[in-house]
DNA sequence: CATGAATGAGGGTTCATTCAT
DNA sequence: AATGAATGAACCCTCATTCAT
């Protein structure tokens, strides 16, 4: 997924700088109006450079979405993978993972919403990769749970719980019109953890 | 929300007929390509009439989305409201409600996905109404749970469970690329119900 | 010009009735929004019958304009021609003609405005005929003046005065946003007549 | 009225250039076929650029009309206002003003015809402004006449004469199918001046 | 590297006109 | 005679993308 967005610019530092600007602007604009309603001109303008310059750093409008997805990957998937891959799996560790995940979701709310809404706007291959990433996450989380499976839950049930946890993280983003009124992030996280513990542990 | 889509056609039966055709086509096309990628011409063509005729039955492209939402309302919200409003609330009844809800979600998968993806494409007022509907559903479900609250769960926790249940229904739709491979609807429903019972009942 | 608007209806009385309805509606609508902004549907609707029925009494939208022009002809040109053709020409008679003309213009204000604004929307041949009518009027008025030419004005000057008079009549219509505030029709007519007399008579 | 037509182009010189091209083309096309019959594509094509480029220099089709009106203002109203505002008012000066006015009208014939025919196609506010401009002109001309009022004509009569003069200027444009055959501009002007002098002076 | 003017395919929408009932 | 549903050509306008400067 990394490096999918080619540019004609050689100065890599500049590329990174500009890409970050584009991502910031794009997230805020896509969030407000959606991908299709946002014009490339708007993106360029808000990012502080000309439309011509924008196209020095992307090839097609879709690339802007890819940049946003790249950014989610870096902010969410990579840290989570890193966290889940190392160390021994204990109840405590599982709780930490869930905690971290919810915290990360809180940080990338806008991106998650965009992910949910604009997945269709992306090329088939890209979409497949994004879903693969998500599948990987489910599997990893599932594995962690399976290793601390006190109650001898079936694999089926554990997989479902893993899915539920991930969706609960997303839900904090896409249902914020409802949830953020009633709960702080910590409240939300703690309640969900309590509820999960009743399913997971005796 | 009902009747928001005006027409220049006088024959009401015909209007209903055509609207249904439009909804069917729209769901399948929006599902495949999204609202913005789908042209009005395509909708007309697939529905079997000309672009001119399409515009005899809608006023603007957005109206097609409204038709789809109307349809969800009729298929989901109305039945659920009816179900939840009458009768006494027992554990058994709660289970029935959840069952029914999951079953309904299974029937309107495409619509739910569209709802998630195209909410942004709708006018502010419309969007508010749709979210209001959803808020109402949360509240209703919450109330039912509160009436069979064996474990003396706090209101906060119950509200969260209600949200979780509703999102689990949606999840069956928007995560089908993952879930439908592993579970049949009945399996999914039963597992979720089992998991919920551990949270709700002793 | 007469009878240019063919219909598929045999009942001539009905045709006349419907045509009059169409003319009334058209004048009011064209006046308000112009020919092109007015749709045939609107005309039919305001006239109290269906679009299908409208097209039983006209062949094309342009026909509606022709009907309006026919109506002007009947209300203005015919009476004026009749008046100017008969009798002997005296100062008194000239004054009467001018008086009558201004009075007629007052009665067909809307039609005149439409004439000025929509002449371009009419077929070349039709436009030619309308201008011919107007040329005829100039010539007739010119002739009358020439017969009471006390001051031995040149033909050139008399022709110009004739044109001026006719335009002054139109002006009462198309400059009413200015003139009708300041003058009643009688005041306007009398002042113009006074001014003309200084040009025509010693 | 000035500067009402916004642009997304930054190079002001280019904007002026293109606007002039648009005005030229528009006058000729509107003249031939009217505003509504003329398509934006035709305008672009005749102006020598693409439809996309046209829309870089206007926002809506109506803007093309505004450009034409702006142009009339610059060519007619501004010079006339300048002329009338300065200097002492004498018979001679009045004659000069009338002369200039008729000369200007001769130069903007097409524009005047468009003004007469497409006033309805313009937004209410714009129309009001255009009529205000015309009212201002009447008042100015009226004032000049009042200052050289040898014959002690009433204000009412003078106002009417002012209106007549202005309309006579327009008439040279919109009745050219008749007048230009019979008179050169100088003849027309001189005759009208002679006629006016009989009304104004002893 | 940066700019922004130019392009034109393509989309939403309208509306005069027809024709089966 | 009357109706009104159906049609589709045609119009306005947008916007991603290019390229000369």
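Are any of the residues in segment C:121-133 touching a residue at least 40 places away in the same chain (Cβ under 8 Å) and either touching a strand residue (DSSP E or B) at 6+ places or on another chain (Cβ under 8 Å) or closer than 28 Å to residue D:199 by Cα (or both)? I'd like the intermediate steps shown before the answer.
The first filter runs over segment C:121-133 and keeps only residues touching a residue at least 40 places away in the same chain (Cβ under 8 Å), leaving C:121-123, C:126, C:129-130, C:133.
When the remaining residues are screened for being either touching a strand residue (DSSP E or B) at 6+ places or on another chain (Cβ under 8 Å) or closer than 28 Å to residue D:199 by Cα (or both), the result is none.
Checking segment C:121-133: not a single residue is touching a residue at least 40 places away in the same chain (Cβ under 8 Å) and either touching a strand residue (DSSP E or B) at 6+ places or on another chain (Cβ under 8 Å) or closer than 28 Å to residue D:199 by Cα (or both).
Across segment A:7-18, which residue is farthest from residue A:111 (Cα to Cα) among those that are within 16 Å of DNA strand F (Cβ to nearest atom) and either surrounded by 15 or more Cβ atoms within 10 Å (Cβ to Cβ) or within 22 Å of the chain's Cα centre (by Cα) (or both)?
Going residue by residue through segment A:7-18, those that are within 16 Å of DNA strand F (Cβ to nearest atom) are A:7-10, A:18.
Narrowing further to those that are either surrounded by 15 or more Cβ atoms within 10 Å (Cβ to Cβ) or within 22 Å of the chain's Cα centre (by Cα) (or both): A:7, A:18.
Values: A:7: 23, A:18: 18 Å.
It comes out as A:7.
Can you report the number of residues in segment D:19-33 which are within 13 Å of DNA strand F (Cβ to nearest atom) and either at pLDDT below 95 or within 14 Å of another protein chain (Cβ to nearest Cβ) (or both)? Even if it seems obvious, please write down each step before you answer.
Filtering segment D:19-33 for residues within 13 Å of DNA strand F (Cβ to nearest atom) gives D:22, D:26, D:29-30, D:33.
With either at pLDDT below 95 or within 14 Å of another protein chain (Cβ to nearest Cβ) (or both) added as a condition, the list becomes D:29-30, D:33.
Here the count works out to 3.
Only one of these conditions is not met by residue B:29: (1) out of contact with any helix residue (DSSP H, G or I) (no Cβ under 7 Å at 6 or more places or on another chain); (2) farther than 30 Å from residue B:197 by Cβ. Which number is it?
(1)
Among the residues of segment A:135-145, count how many are closer than 13 Å to residue A:73 by Cβ and buried (at least 18 other Cβ atoms within 10 Å of the Cβ). I'd like the intermediate steps shown before the answer.
Filtering segment A:135-145 for residues closer than 13 Å to residue A:73 by Cβ gives A:136-137.
Filter once more, keeping what is buried (at least 18 other Cβ atoms within 10 Å of the Cβ): A:137.
So the count comes out to 1.
Could you grab me the full set of residues in segment A:80-89 that are surrounded by fewer than 14 Cβ atoms within 10 Å (Cβ to Cβ) and touching a helix residue (DSSP H, G or I) at 6+ places or on another chain (Cβ under 9 Å)? Give the steps one after another, and end with the answer.
Taking segment A:80-89 as the starting set, the residues that turn out to be surrounded by fewer than 14 Cβ atoms within 10 Å (Cβ to Cβ) are A:82, A:85-88.
Result: A:85, A:87, A:88.
Does residue B:163 satisfy the condition of being touching a residue at least 24 places away in the same chain (Cβ under 8 Å), more than 24 Å from residue A:30 (Cβ to Cβ) and facing another protein chain (nearest Cβ under 7 Å)?
Details: touching a residue at least 24 places away in the same chain (Cβ under 8 Å): yes; more than 24 Å from residue A:30 (Cβ to Cβ): yes; facing another protein chain (nearest Cβ under 7 Å): yes.
Yes.
Need the failing condition index for residue A:39 against (1) more than 21 Å from the chain's Cα centre (by Cα); (2) within 16 Å of DNA strand F (Cβ to nearest atom); (3) more than 14 Å from chain B (Cβ to nearest Cβ), just the number.
So residue A:39 meets the others, but not (3).
Does residue B:92 qualify as being under 30 Å from residue B:10 (Cβ atoms) and surrounded by fewer than 18 Cβ atoms within 10 Å (Cβ to Cβ)? Give the steps one after another, and end with the answer.
Values: under 30 Å from residue B:10 (Cβ atoms): no; surrounded by fewer than 18 Cβ atoms within 10 Å (Cβ to Cβ): yes.
Considered against the rule, which asks whether it is under 30 Å from residue B:10 (Cβ atoms) and surrounded by fewer than 18 Cβ atoms within 10 Å (Cβ to Cβ), residue B:92 comes out as no.
Could you check segment C:118-131 and list, in sequence order, the residues that are more than 10 Å from chain D (Cβ to nearest Cβ) and not in a loop (DSSP other than H, G, I, E, B)? Walk me through it before giving the result.
Of segment C:118-131, the ones more than 10 Å from chain D (Cβ to nearest Cβ) are C:122-126, C:129-130.
Matches in segment C:118-131: C:124, C:125, C:126, C:129, C:130.
Hey, any hits in segment B:176-194 for a residue that's within 9 Å of chain A (Cβ to nearest Cβ), within 20 Å of residue B:31 (Cα to Cα) and not in a helix (DSSP H, G or I)?
Going residue by residue through segment B:176-194, those that are within 9 Å of chain A (Cβ to nearest Cβ) are B:177-179, B:182-183, B:187-188, B:191-192, B:194.
Remaining after also requiring within 20 Å of residue B:31 (Cα to Cα): B:177-179.
Next, only the ones that are not in a helix (DSSP H, G or I) stay: none.
No, because not a single residue in segment B:176-194 is within 9 Å of chain A (Cβ to nearest Cβ), within 20 Å of residue B:31 (Cα to Cα) and not in a helix (DSSP H, G or I).
What pairs come up if the first residue lies in segment B:54-67 and is within 14 Å of another protein chain (Cβ to nearest Cβ), the second is within 7 Å of DNA strand E (Cβ to nearest atom), and their beta carbons are under 7 Å apart, counting only those six or more places apart or on different chains?
Short answer, once both residue conditions are applied: B:61/B:40.
Can you confirm whether residue A:187 is more than 17 Å from the chain's Cα centre (by Cα), farther than 14 Å from residue B:164 by Cα, in the same structural domain as residue A:79 (by TED's automatic domain parsing) and modelled with pLDDT of 95 or more? Spell out the reasoning first.
On the way: more than 17 Å from the chain's Cα centre (by Cα): yes; farther than 14 Å from residue B:164 by Cα: yes; in the same structural domain as residue A:79 (by TED's automatic domain parsing): yes; modelled with pLDDT of 95 or more: yes.
Spelling it out, residue A:187 is indeed more than 17 Å from the chain's Cα centre (by Cα), farther than 14 Å from residue B:164 by Cα, in the same structural domain as residue A:79 (by TED's automatic domain parsing) and modelled with pLDDT of 95 or more.
In the list B:166, B:200, B:119, which residue meets the criterion of being crowded, with 18+ Cβ neighbours inside 10 Å, modelled with pLDDT under 95 and under 13 Å from the mean Cα position of the chain (by Cα)? Steps first, answer last, please.
Details: B:166 fails: modelled with pLDDT under 95; B:200 fails: under 13 Å from the mean Cα position of the chain (by Cα).
Result of the check over B:166, B:200, B:119: B:119.
Quick check on segment C:136-158. Is at least one of its residues within 17 Å of residue D:165 (Cα to Cα) and within 7 Å of another protein chain (Cβ to nearest Cβ)?
Yes - at least one qualifying residue is present in segment C:136-158.
I'd like to verify a number: residues in segment C:27-47 that are surrounded by 14 or more Cβ atoms within 10 Å (Cβ to Cβ), assigned to a helix (DSSP H, G or I) and within 12 Å of DNA strand E (Cβ to nearest atom), how many?
Counting residues in segment C:27-47 that are surrounded by 14 or more Cβ atoms within 10 Å (Cβ to Cβ), assigned to a helix (DSSP H, G or I) and within 12 Å of DNA strand E (Cβ to nearest atom) gives 8.
Just to be sure, is residue C:182 touching a residue at least 24 places away in the same chain (Cβ under 8 Å) and assigned by TED's automatic domain parsing to the domain that holds residue C:109? Please lay out each step first, then the result.
Details: touching a residue at least 24 places away in the same chain (Cβ under 8 Å): no; assigned by TED's automatic domain parsing to the domain that holds residue C:109: yes.
No, not satisfied.
Can you tell me which residues in segment D:48-98 are within 15 Å of DNA strand E (Cβ to nearest atom) and outside any helix (DSSP H, G or I)?
If we filter segment D:48-98 for residues that are within 15 Å of DNA strand E (Cβ to nearest atom), which is where we start, we get D:48-62.
Answer for segment D:48-98, where residues must be within 15 Å of DNA strand E (Cβ to nearest atom) and outside any helix (DSSP H, G or I): D:48, D:49, D:50, D:58, D:59, D:60.
The values are calculated or read from the model by the stated rules, or taken from the named source; none is laboratory data. Note that the structure is a prediction, hence the values are computed from the model and not measured. Every residue, glycine among them, receives a Cβ derived from its backbone with ideal geometry; neighbour counts consider all protein chains shown.
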